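Written below as structure tokens is the structure these notes are about.
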Amino acid sequence: MASRSPLSRDLLALATPLLIVLGLVGLVLRQGSDRLQAVPALVIGVALLVQSAWSRRRRRRALLNALQDQRGQC
């Protein structure tokens, strides 16, 4: 995997919250059936946030297990 610049990583980190904000603003500013157009951005943003938290939790658990296994071998 190619390394990314710090600016690129920062923009990617902000993409999910901004997508959620965009969806919420779209829901607030639109009226009637036009509100449905903002729902996909909101759903995708929330799904990305949940997936990120889930994978972070799995990585941290795997790291903790590896450290505990290494500690048990010493």
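For segment 1-45: of the residues being in a loop (DSSP other than H, G, I, E, B) and of a type outside the set (Gly, Ala, Ser), which is most open to solvent (accessible area, probe 1.4 Å)? Even if it seems obvious, please write down each step before you answer.
First, pick out the residues of segment 1-45 that are in a loop (DSSP other than H, G, I, E, B): 1-5, 30-31.
This time we only want the ones that are of a type outside the set (Gly, Ala, Ser), so: 1, 4, 30-31.
Numbers: 1: 224, 4: 132, 30: 95, 31: 151 Å².
Within segment 1-45, the match that is most open to solvent (accessible area, probe 1.4 Å) is 1.
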Quiz item: Checking residue 48 against (1) hydrophobic (A, V, I, L, M, F, W, C); (2) at pLDDT 95 or above; (3) surrounded by 14 or more Cβ atoms within 10 Å (Cβ to Cβ), which test does it fail?
Solution: (2)
Practice problem: Return the pairs, sorted by first residue and then second, in which the second residue is assigned to a helix (DSSP H, G or I) and of a type in the set (D, E, K, R), the first residue lies in segment 6-30 and is in contact (Cβ under 8 Å) with a residue 12 or more places away in the chain, the beta carbons are less than 9 Å apart, and the residues are 6+ apart or on different chains. | Solution: 26/34; 26/35; 27/35
Exercise. Scan segment 51-71 for residues that are open to solvent by 90 Å² or more (accessible area, probe 1.4 Å), within 20 Å of residue 20 (Cβ to Cβ) and modelled with pLDDT under 90 and jot them down.
Key: none
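The values are calculated or read from the model by the stated rules, or taken from the named source; none is laboratory data. These numbers come from a predicted model, not from an experiment. Cβ coordinates were reconstructed from backbone atoms using ideal geometry, including for glycine residues, and neighbour counts include every protein chain displayed. All accessible areas refer to the heavy atoms of the entire protein, side chains included, with ligands and DNA or RNA removed. Shrake-Rupley method; radii C 1.70, N 1.55, O 1.52, S 1.80 Å.
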